[in-house]
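Comments concern the structure below.
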Amino acid sequence: MEPSLVLDRVTLRVPERELPVPAHISEPARIFLAAAGMQPRVPLPQTTDAAAWHAAAEAWDQRILPMIEPLLAGLPVKLERVRVGACDVHVATPNELTGVAASYAFMDIHGGALVFGGGRFAQLIAIWRAVALGCRVFGVDYRMPPGHPYPAPLDDCVAAYRYLLGKYHRAHVVVGGISAGGNLAAATVLRARDEGLPLPAAAVLLTPELDLTESGDSFFTNRDVDVALPTPLPEANHLYANGANLAHPYLSPLFGDFSKGFPPTLLQSGTRDLFLSNTVRMHRALLKAGHQAELHVWEAMPHAGFGGGSPEDVEIHETVRDFLKRVAGWAL
């Protein structure tokens, strides 16, 4: 009798090796990979330590905001704030916005592991997206743990989507986000659909955190290879879920039933992205359900891009803009 193979105990052992910075990517991208790889790694707090999570959020802002502020200084954007339900929405409008482009609304949901990135960061991302896409952006400053775990953040995003449907035709609304924002963007579409709301014209999921169970291959193959997000985020995922099933589609949209409908979707990742498997698996799931989906993967790119200042980062926005023109029919 042949010996049985216990598949869940089979692992591939690889030798320790060095990963050089590729010479064929842009110089800013190479500099980012080299610099980010030298940064110290800060472990996340225990799920039950609320004070430590608040401190971690402040430390995250102190590290990230100085990197982004200089990139956006002086951009020609008018920034307003509206209150929608229990959260603020930052409305970023390019100063030169005219014509039919003024009738479009891009609902942007910021990243930050579902626990970081509110306030000023959400504002900055809305400004950045508005200039890059040439349309009005509504940045949802959703409530977050530890004070407001699931379903509060998703409630806020769905409320913001309802608000936009009250002001714009659904064909003029696109829902998108990066990282944790990609999770909430996809979950917003699923829940809005389940509640009988019309689907947006398209969804844009950038290096999205679509599987909080972290079951994909790249959570292992790109661990410590992704200089921006070197390890999985179980502490943040459990803090956000607050005891709910991590595999529920509103928490892990990858496991949603797409046969009931989903809009045309752009998905973006990189070959060094810890969330590459999330993006690839979502792309396949949408295609199998018969939906239009595009997958764009950048060479050597880690999670969330090369810091925002590289030609590759600019190309991501150009790709999104082209997608909105081709697929959503937006005249940008």
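Please treat every number below as a calculation from the coordinates, not as lab data. Predicted, not measured: the structure shown is a model, and the values here were computed from it. For neighbour counting, all protein chains shown are included, and Cβ atoms are generated from backbone atoms with ideal geometry for every residue, glycine included.
Just one of GLU96, GLU69, GLU80 is exposed (fewer than 15 other Cβ atoms within 10 Å of the Cβ), of a type outside the set (A, V, I, L, M) and assigned to a loop (DSSP other than H, G, I, E, B); which is it?
It is GLU96.
Being in a helix (DSSP H, G or I) and within 21 Å of GLN268 (Cα to Cα) is the filter here; which residues of the stretch 158-185 pass it?
Step one: list which residues in the stretch 158-185 are in a helix (DSSP H, G or I), which gives 158-165, 170-172, 180-185.
Correct list: ALA180, GLY181, GLY182, ASN183, LEU184, ALA185.
For PRO230, indicate whether it is assigned to a loop (DSSP other than H, G, I, E, B), touching a residue at least 40 places away in the same chain (Cβ under 8 Å) and surrounded by 23 or more Cβ atoms within 10 Å (Cβ to Cβ).
Numbers: assigned to a loop (DSSP other than H, G, I, E, B): yes; touching a residue at least 40 places away in the same chain (Cβ under 8 Å): yes; surrounded by 23 or more Cβ atoms within 10 Å (Cβ to Cβ): no.
Here the answer is no, as PRO230 does not meet what is asked.
Considering only residues that are among the acidic types (Asp, Glu) and in a helix (DSSP H, G or I), look in the stretch 138-157 and name the one that is nearest to HIS90 (Cα to Cα). Full working, then the answer.
Restricting attention to the stretch 138-157, the residues satisfying the condition of being among the acidic types (Asp, Glu) are 141, 155-156.
Within this subset, residues satisfying the condition of being in a helix (DSSP H, G or I) are 155-156.
Details: ASP155: 17, ASP156: 13 Å.
Checked the stretch 138-157; the qualifying residue nearest to HIS90 (Cα to Cα) is ASP156.
Considering only residues that are exposed (fewer than 12 other Cβ atoms within 10 Å of the Cβ) and either assigned to a helix (DSSP H, G or I) or in contact (Cβ under 8 Å) with a residue 12 or more places away in the chain (or both), which ones fall in the stretch 47-58?
Let us first name the residues in the stretch 47-58 that are exposed (fewer than 12 other Cβ atoms within 10 Å of the Cβ), namely 48, 51, 58.
Correct list: ALA51, GLU58.
Here is a list: LEU199, LEU165. Which entry is touching a residue at least 60 places away in the same chain (Cβ under 8 Å) and at negative phi? Spell out the reasoning first.
Numbers: LEU165 fails: touching a residue at least 60 places away in the same chain (Cβ under 8 Å).
None of the others qualify; the one that does is LEU199.
Which residue is nearest to ARG83 (Cα to Cα), if the candidates are limited to the stretch 107-149 and must be in contact with a Lys or Arg (Cβ under 6 Å, 6 or more places away or on another chain) and not charged (D, E, K, R)?
If we filter the stretch 107-149 for residues that are in contact with a Lys or Arg (Cβ under 6 Å, 6 or more places away or on another chain), which is where we start, we get 108, 133, 137.
Within this subset, residues satisfying the condition of being not charged (D, E, K, R) are 133, 137.
Details: LEU133: 24, VAL137: 15 Å.
Filtering first and then ranking leaves VAL137.
Suppose we keep only residues that are free of Cβ contacts under 8 Å to residues at least 40 places away in the same chain and part of a loop (DSSP other than H, G, I, E, B) within the stretch 234-250. Which one would you say is farthest from the chain's Cα centre (by Cα)?
Start the filter on the stretch 234-250 by keeping residues that are free of Cβ contacts under 8 Å to residues at least 40 places away in the same chain, which leaves 234, 243, 245-248.
From what's left, part of a loop (DSSP other than H, G, I, E, B): 243, 245-248.
Working: GLY243: 23, ASN245: 21, LEU246: 17, ALA247: 18, HIS248: 18 Å.
It comes out as GLY243.
Condition first: touching a residue at least 60 places away in the same chain (Cβ under 8 Å) and part of a strand (DSSP E or B). Now tell me which residues in the stretch 83-93 satisfy that. Even if it seems obvious, please write down each step before you answer.
So in the stretch 83-93, the residues touching a residue at least 60 places away in the same chain (Cβ under 8 Å) come out as 84-87, 89.
Across the stretch 83-93, the qualifying residues are VAL84, CYS87, VAL89.
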